[in-house]
1. Exactly one condition in (1) open to solvent by 40 Å² or more (accessible area, probe 1.4 Å); (2) among the polar types (S, T, N, Q); (3) under 17 Å from TYR229 (Cβ atoms) is false for THR108; which is it?
2. Can you find a residue in the range 240-249 that is under 19 Å from the mean Cα position of the chain (by Cα), assigned to a strand (DSSP E or B) and either buried (at least 21 other Cβ atoms within 10 Å of the Cβ) or acidic (Asp, Glu) (or both)?
3. Out of the range 137-158, which residues are in contact with a Ser or Thr (Cβ under 8 Å, 6 or more places away or on another chain), within 10 Å of GLY172 (Cβ to Cβ) and among the hydrophobic types (A, V, I, L, M, F, W, C)?
4. If TYR185 meets every condition in (1) touching a Pro at 6+ places or on another chain (Cβ under 9 Å); (2) crowded, with 19+ Cβ neighbours inside 10 Å; (3) assigned to a loop (DSSP other than H, G, I, E, B) apart from one, which number is that one?
5. Checking the conditions here, which among ALA184, ALA212 is closer than 23 Å to ALA15 by Cα, of a type in the set (A, V, I, L, M) and over 21 Å from the mean Cα position of the chain (by Cα)?
6. Keeping to the range 67-77, report how many residues are surrounded by 16 or more Cβ atoms within 10 Å (Cβ to Cβ) and more than 14 Å from VAL134 (Cα to Cα).
7. Hey, does the range 132-146 have a residue that's open to solvent by 10 Å² or more (accessible area, probe 1.4 Å), of a type in the set (A, V, I, L, M) and in contact (Cβ under 8 Å) with a residue 60 or more places away in the chain?
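The values are calculated or read from the model by the stated rules, or taken from the named source; none is laboratory data. Quick caveat, the model's predicted, so the values are computed rather than measured. When we count neighbours, we look across all protein chains shown, and the Cβ atoms used for this are built from the backbone with ideal geometry, even at glycine. The protein model used for the area step is the full one, side chains on, heavy atoms only, and it has no ligands, DNA or RNA in it. Shrake-Rupley method; radii C 1.70, N 1.55, O 1.52, S 1.80 Å.
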Amino acid sequence: MLTGPLTGPPPAAVADHAAVPDTLPVGAPGKAGVLELGFGLADGRTELTAHYQRSPLHTTRPLYPDPGRPDMPTVMFMSSGGGVLQGDRYRIGLDCVPGTSVHFTTQTATRLYRMEHDYATQTVDLRAGPGSYVEYLPATTIPFGGSRFYQRTDVTLAPDATVVLGEKLMAGRLARGERHAYTAYCADLEVRDPDGRLLFADPVRLVPGERAVTGPACMGGFGIAASLYVVTAARSGLEIADTMHEALAGTGLRGGASVLPGDHGAWARMLGDRSPELEEAFFRTWDAVRRLLLGVPAPDRPG
């Protein structure tokens with residue numbers, strides 16, 4: 001299984017808030033969540049073959065709800081805590097061996113609660129073996145006022161593997177009038193080949209107290225932003241970018257798509273005022289990518 005430190009050093013915008021919480025300390029039971037999952041093939045179907053979890057992170061048995069890909073399980077990340085609290089340190093390790101196909105998501109939105117002491121982190125280490133197809137599409141992250149959070153996502157994939165990554169970030173609890181009231185939201189996405197060569201990186205540093213986070217390079221005046229990264233050699237980056245651009249063009253939202261460095265795929269980013277309209281645009285873009293790469297649509301969403 002995957003091993004490594006529980007978390008790497010966060011950026012100074014988050015680390016500078018290090019302190020001893022007046023609640024449970026860092027590393028206490030229920031504060032250091034771990035979820036390590038391994039997947040293999042059995043009779044042509046991808047199965048969960050290794051499983052270790054530590055509260056508050058956990059998962060249920062894989063489900064197979066996709067009629068277009070009955071061999072591909074949906075694996076849902078869950079948390080018994082209901083949200084991320086100060087002093088939380090989470091680690092997720094996902095190992096997908098050659099030929100496997102898996103869809104990862106979360107049970108619900110990730111809520112980052114107010115933090116008066118210290119901060120919270122999450123690291124995700126995803127490995128996609130030769131010929132694998134992996135989707136990592138968590139639900140929206142909602143940073144509450146005063147939250148301090150750092151997430152690091154490291155992806156290693158074989159040259160003929162495909163990884164579809166998504167992220168959705170809300171500006172805050174918009175219905176309560178909170179907009180960029182969090183202290184710091186920082187994230188790093190790095191994608192590498194099996195030799196450790198960096199294919200691309202996408203760092204995010206949103207620190208409202210230090211610099212504006214409403215400019216054109218951030219979230220503008222929009223309430224929610226989403227990104228979809230398609231890392232693959234199955235199709236040219238230009239073809240994937242054109243497919244995503246066409247899907248976005250029919251949504252009426254602000255967005256665009258472009259080719260990833262080195263023609264390792266393409267990515268799209270979209271901005272919206274409300275969650276329902278952005279969710280629909282994100283689904284349409286993912287569905288278009290699915291049809292292009294797999295020849296099947298994205299499965300219907302619950303409800």
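1. Single failed check for THR108: (3).
2. No, the range 240-249 contains no residue that is under 19 Å from the mean Cα position of the chain (by Cα), assigned to a strand (DSSP E or B) and either buried (at least 21 other Cβ atoms within 10 Å of the Cβ) or acidic (Asp, Glu) (or both).
3. Scanning the range 137-158 gives a single hit, ILE142.
4. (3)
5. Just one listed residue meets the conditions, ALA212.
6. 1
7. yes
One line per residue, one yes/no per condition, for (1) touching a helix residue (DSSP H, G or I) at 6+ places or on another chain (Cβ under 6 Å); (2) open to solvent by less than 10 Å² (accessible area, probe 1.4 Å); (3) acidic (Asp, Glu):
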residue: ASP195; (1), (2), (3): no, no, yes
residue: VAL204; (1), (2), (3): no, no, no
residue: ARG211; (1), (2), (3): no, no, no
residue: VAL230; (1), (2), (3): yes, yes, no
residue: GLY237; (1), (2), (3): yes, yes, no
residue: LEU253; (1), (2), (3): yes, no, no
residue: GLY262; (1), (2), (3): no, no, no
residue: ARG269; (1), (2), (3): no, no, no
residue: ALA288; (1), (2), (3): yes, no, no
